[in-house]
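Before any comments, here is the structure.
What follows is calculated from the coordinates using simple rules that are stated; it is not laboratory data. Every value quoted in this text rests on a predicted model; they were computed, and no experiment measured them. A quick note on method: Cβ atoms are made from the backbone with ideal geometry, for glycine too, and the neighbour counts reach across all protein chains shown.
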Amino acid sequence: MAGFLARRLVNYLALLLIATFFAFALASATFRPLDALAQRQPPPPASTIEAKRVELHLDKPIPQRFAIWAEGVVLHGDFGKTVADAPINDELWRRAGISLRLFLAGTVIGVIAGVLLGVTAAIKQYKIFDHVTTLFSFLILSTPVFVIGTLLKVLWLPVNQAAGTQILYFNGESTAGFSGGTWDLLVDRLQHLVLPTVAIAIGLAAVYSRYQRSAMLDVLGSDFLRTAQAKGLTRRKALFTHGLRTALIPMATLFAFGFGLLITGGVFTERIFGWFGMGDWLIVGVQNQDANIIATVTLFIAVLVLFSGWLSDVVYAALDPRVRVG
C-alpha cells in the first residue's frame, strides 16, 4: 500500500509541474501587461516602459521566465509580484484562507448530505422519499448558483427583520471594523459563513446524491450482499457494513477532485456573498493580464486537486482490500 501511494504521489507532482507551466505559458503568450502603462495620458517615456518590461522579465523567453518564477517559489517560497508591483505572497495566503474556510465547510456538508440522501434513496427506490430527492436534485441542478444565492438572501431577509437584529449576514467574510474578543470574532465569522456555505452545500448534495444513489443501486443486487445475509447478517447490517463501503469506492475520487475544482468554479458564490477568495483572484489576474497571478492560482488549485486525488487514493486503498493486497 505504501508503494502504491508513493508512486501515485510522484505522478501527481509531475502533473502539478506540467499544469502550472502550461497555465503560465498560455497566460504569458496572450497577455499584454504593458498596454495599460503605455495607454496612460500623458504617455510615459519609452525608457520607462522598457524598464518595466525588464522588471517583469518580458524580455526573456517564456520557459526562462517560468524558471525564474519557479525558482523563487521552490527555493524561497516567493511567488513574485503582480504587474502593479504588489507582493503576491500576502494576497495569496489571505485569499487562500478565505476560499478554504468557505469551500471546505460547504464541501463537507454537501458530501455528507449527498451520501445520506443517495443511499437512502437507493434503499427506498421508487418510494416517496426517492421521488422527492430526485425532484429536489433536478430542481437544484437546473438552477444557476447565482439564483440560489440570491434566493437565500431574499428568503432570509424577513427572518432578520422579524428578529430585529442581524442573525446572518449576506456580504463579506466578517464585519468591517469589528472589534471584540476571540469568541465574538468567531460568532461574527460564523454569521457570515452560514448562507454561502448553504449555497455551496445544496448544489453539491444534489450532485452527489445522484451519483451515490446510482452506485448504491449497483451494489444492492450483488452476490456478496446475499452471501452476507445468508451467513446471518441482517439486511441493514449487510448494507451498511459491506454495501455502503463498496458503493463509496467509486465516489472517493469524485469527492476528492470535486473539492479542488470547486475553488475556482465557485467564483459566482464568492462574488454574490462578497467573499474575495481564489476564484475572484483568478478573474482579477485575467483582467490585469498578470501571468504571475494566473500561475500562482493554478499552482494552488493544482496542489489542492492533486492532494485531494492522493487522499482519495488513501481512502480507496482503505476501502478496497484488493489494493492493499496487491
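Tell me the relative contact order for region 125-275 as a rounded percent, counting alpha carbon contacts under 8 Å between residues six or more apart. Don't jump to the answer; show the numbers that get you there.
Values: 100 pairs, mean separation 49.8, N = 151.
Relative contact order, region 125-275: 33 percent.
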(message) Could you tell me the calculated FRET efficiency between Leu100 and Phe129, based on Cβ-Cβ distance and R0 = 35 angstrom, to the nearest 0.05?
(response) 0.55
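Nearest 500 deg cm²/dmol is fine: what mean residue ellipticity at 222 nm does the chain get from its DSSP H runs of n ≥ 4 alone, each adding -39,500 (n - 2.57), divided by its residue count? Provide the component values of the computation, followed by the final result.
Numbers: 15 runs with 250 residues, N = 326.
Per the formula, -25500 deg cm²/dmol.
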(message) What percentages make up the Cα-Cα pair-distance distribution of region 152-264 when the bins are 5 Å wide from 0?
(response) 2, 10, 13, 13, 11, 10, 10, 10, 8, 7, 4, 2, 0
(message) At 7 Å along Cα-to-Cβ for each site, give me the label-to-label distance between Arg226 and Phe146 in nm.
(response) 5.3 nm
(request) For region 208-239, state which trypsin sites (Lys or Arg not before Pro) are in a DSSP loop and have at most 13 other beta carbons lying within 10 Å of their beta carbon. (result) Lys231
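Tell me, in nm to one decimal, what length is gained between Trp310 and Leu75 on full extension, where the rule is 0.36 nm per residue of separation less the Cα-Cα distance?
Details: separation 235, 0.36 × 235 = 84.60 nm, distance 2.42 nm.
Contour length minus the Cα-Cα distance gives 82.2 nm.
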(request) Quick one: net charge around Thr182, please, counting Lys, Arg +1 and Asp, Glu -1 for every other residue with C-beta under 12 Å from its C-beta. (result) -1
(request) Rounded to the nearest 0.05, what FRET efficiency do Ile112 and Gln64 give with R0 = 45 Å and r taken as the Cβ-Cβ distance? Could you check? (result) 0.40
(request) Normalising by the residue count of region 1-160, find the relative contact order in percent from Cα pairs under 8 Å and 6+ residues apart. (result) 9 percent
(message) Counting pairwise Cα distances across region 246-314, what percent come out greater than 14 angstrom?
(response) 62 percent
(request) Pull out the extension gain between Ala36 and Phe257, defined as 0.36 nm times the separation in residues minus the alpha carbon to alpha carbon distance; nm, one decimal. (result) 75.9 nm
(message) Compute the orientation-averaged projected area for region 45-97 from the convex hull of its Cα atoms and round it to one decimal in nm².
(response) 4.3 nm²
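Assuming 0.36 nm per residue, please report the length gained on full extension of the stretch Arg53 to Val194 beyond their Cα-Cα distance. Don't skip to the answer; put the middle values down first.
Numbers: separation 141, 0.36 × 141 = 50.76 nm, distance 4.50 nm.
Going from the current span to full extension adds 46.3 nm.
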(request) Express in whole angstrom the spacing between the alpha-carbon centres of region 181-243 and region 139-174. (result) 25 Å
(message) Relative contact order for region 2-325: what percent, with Cα pairs under 8 Å and sequence separation of 6 or more?
(response) 28 percent
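With 28 Å as the cut-off, how large is the P(r) tail for region 2-325, expressed as percent of Cα-Cα pairs? Mind showing how you got there, number by number?
Working: 29051 of 52326 pairs.
Summing the P(r) tail past 28 Å for region 2-325 gives 56 percent.
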(message) Positive end of the dipole of region 2-325, charges at C-beta (+1 Lys, Arg; -1 Asp, Glu), about the Cα centre: which of His192, Ala113, Trp281 has its Cα farthest in that direction?
(response) Ala113
(request) Would you mind computing, in nm to one decimal, how far apart the modelled labels at Ala84 and Ala14 are, each placed 7 Å from Cα along Cα→Cβ? (result) 4.0 nm
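Sort Glu173, Glu50, Glu270 so the one with the fewest other Cβ atoms within 10 Å of its own Cβ comes first. If you can, show how the numbers build up before the last one.
Values: Glu173 20, Glu50 13, Glu270 26.
Ranking Glu173, Glu50, Glu270 by Cβ neighbours within 10 Å, fewest first, gives Glu50, Glu173, Glu270.
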(request) Between the alpha-carbon centers of region 74-115 and region 253-298, tell me the distance in whole angstrom. (result) 9 Å
(request) Give a quick list of chymotrypsin sites (Phe, Trp or Tyr not before Pro) in region 110-162 that DSSP marks as loop, anything other than H, G, I, E or B, with at most 15 other Cβ atoms within 10 Å. (result) Tyr126
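If r is the Cβ-Cβ distance from Val187 to Asp218 and R0 is 41 Å, what FRET efficiency results, to the nearest 0.05?
Numbers: r = 44 Å, r/R0 = 1.08.
The value I calculate is 0.40.
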